[in-house]
Amino acid sequence: MSRLAALPRRLALLHPLKKRTCAATRSYSTASEQRLDSRVKIVEVGPRDGLQNEKNIVPLATKIELIDRLAKTGLQTIEAGSFVAPKWVPQMANSSEILSHILATPPSSPHPLTYSFLAPNMKGLSNAFSILDANPSSFSTESNHLPGKPSLEIAVFASATETFSQKNLNSSIAASLEAFRAVISAAKETPYNLRVRGYISVVLGCPFEGYDVSPHRVAEVATELLEMGVDEIALGDTTGMGTAPRTKDLLNCLRSAGIRNEDVAMHFHDTYGQALVNTAVALEHGIRTFDASVSGLGGCPYSPGATGNVATEDVVYFLESLGMDTGIDLDGVAEVGEWISKELGRGNGSTVGRAVLGQRKRKQD
């Protein structure tokens, strides 16, 4: 049974007043089944999600150097840019140049890398395609892996609440999903055959509607995206309001809807200091993909008061201390975090990063 064919009927499963069962609908890996698998994937979102809210425009050369430095640390996926209208997110205005650089001069890395670009509508996707069309042999696709060539991924953003959808996308949830359908379909068509990631924002708390975000609504949006062909759902705690019990409830709800652990990634912000606690809950649940941002860069321009993403350094240290394998050089990421913090004129937002570099300095002294 295919992944999409195995999805349950959405309305029957997600109605909050009905008992939800998933007998023989989809198979998924439980936390106990996955304990033998210690591999964890970190998706580095610093160059896009981390920088988009910086008040001062970051020079293109700095963005490219950040990506080049991160590529050397063992990361598998780097979120590199966003094809959105510059008037809405000025910081992302040079994403075309970033994609062109990646294709022309792929950053050195210890293993193949995937670069993710947000393309929320057909205009943004067309802009990305124009660059790919000019460089047809410079990237790998889902069906044609070219040695030494980077893979590309397109990302779309949905919301778990109507108010946030209006503020972020200027449309209802339903309308935004319908618009994504064409983007997802086009990205997957030949000759591009690109992987597609679907973000769902404010899954554990909305700045406009509060803490009580329905996990059933999140599962409904996730199911629709998967039915459209999205390869992975990234659940965004955009406000950092998430707590351990509500993270557990959300993941249990998605499991009841038949959504597999391997189709889910978690994207935590650390506004209230709960990101690593929530990461532990998700890890125990069986999730093995987590977003993080070097030096804790980030924040959402449409979420007042939301501070940065959880720091990559902190997540790597935490997961490795539990015996998990991230494949990432912690010292290397800590150095990148310190470098970009100085470039931006801000303090290093990673507790672990500061500790690692402080310990190194004490040894040198």
When the residues of region 243-259 are filtered to those that are surrounded by 21 or more Cβ atoms within 10 Å (Cβ to Cβ) and small (Gly, Ala, Ser), which remaining residue is nearest to ASP212 (Cα to Cα)? ALA257
Meets criteria (touching a residue at least 12 places away in the same chain (Cβ under 8 Å), over 24 Å from VAL221 (Cβ atoms) and of a type in the set (D, E, K, R)) for LYS188: no
Looking at region 212-225, can you tell me whether even one residue there is surrounded by fewer than 24 Cβ atoms within 10 Å (Cβ to Cβ), farther than 17 Å from ALA174 by Cα and at pLDDT below 95? yes
Cross-chain or 6+ apart pairs with Cβ under 9 Å, region 260-278 first and part of a helix (DSSP H, G or I) and surrounded by fewer than 24 Cβ atoms within 10 Å (Cβ to Cβ), then basic (Lys, Arg) and at pLDDT 95 or above: ASN261/ARG255; ASN261/ARG288; GLU262/ARG288
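Just to be sure, is SER341 over 30 Å from GLU224 (Cα atoms), among the polar types (S, T, N, Q) and in contact with a strand residue (DSSP E or B) (Cβ under 6 Å, 6 or more places away or on another chain)?
no
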Looking at region 30-149, what helices (runs of 4 or more DSSP H) fall wholly within it and have at least 2 residues that are in contact with a helix residue (DSSP H, G or I) (Cβ under 9 Å, 6 or more places away or on another chain) and open to solvent by less than 10 Å² (accessible area, probe 1.4 Å)? 60-71, 95-104, 122-134
Within the set of pairs 6+ apart or on separate chains, which have a first residue in region 336-364 that is of a type in the set (Ser, Thr, Tyr), a second that is open to solvent by less than 100 Å² (accessible area, probe 1.4 Å) and not in a helix (DSSP H, G or I), and C-beta atoms under 6 Å apart? SER341/ASN348; SER350/ALA311
Filter pass, GLY308 being open to solvent by 10 Å² or more (accessible area, probe 1.4 Å), within 25 Å of THR238 (Cβ to Cβ) and free of Cβ contacts under 8 Å to residues at least 12 places away in the same chain: no
Assess whether ASP331 counts as being modelled with pLDDT of 90 or more and among the charged types (D, E, K, R). yes
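Yes/no matrix, rows are residues, columns are (1) closer than 21 Å to GLY74 by Cβ; (2) among the aromatic types (Phe, Trp, Tyr); (3) assigned to a helix (DSSP H, G or I); (4) open to solvent by 40 Å² or more (accessible area, probe 1.4 Å):
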residue: VAL281; (1), (2), (3), (4): no, no, yes, no
residue: ASP291; (1), (2), (3), (4): yes, no, no, no
residue: VAL315; (1), (2), (3), (4): yes, no, yes, no
residue: PHE318; (1), (2), (3), (4): yes, yes, yes, yes
residue: GLU335; (1), (2), (3), (4): yes, no, yes, yes
residue: ARG362; (1), (2), (3), (4): no, no, yes, yes
Selection from region 209-233 of residues that are assigned to a loop (DSSP other than H, G, I, E, B) and touching a residue at least 24 places away in the same chain (Cβ under 8 Å): GLU209, TYR211, VAL213, SER214, GLY229, VAL230, ASP231
Sole miss for THR163 among (1) open to solvent by 10 Å² or more (accessible area, probe 1.4 Å); (2) closer than 30 Å to THR239 by Cβ; (3) touching a Leu at 6+ places or on another chain (Cβ under 9 Å); (4) of a type in the set (Val, Ile, Thr) is condition (3)
Just checking, which of GLY236, GLY240 is open to solvent by less than 50 Å² (accessible area, probe 1.4 Å) and in a loop (DSSP other than H, G, I, E, B)? GLY240
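The values are calculated or read from the model by the stated rules, or taken from the named source; none is laboratory data. Note that the coordinates shown come from a computational prediction; the quantities given were computed from them, not determined experimentally. Methodologically, a virtual Cβ is constructed for each residue, glycine included, from the backbone with ideal geometry; neighbour enumeration extends over all protein chains shown. Each accessible area value is taken on the protein alone, full model and side chains, heavy atoms only, with ligands, DNA and RNA left out. Shrake-Rupley method; radii C 1.70, N 1.55, O 1.52, S 1.80 Å.
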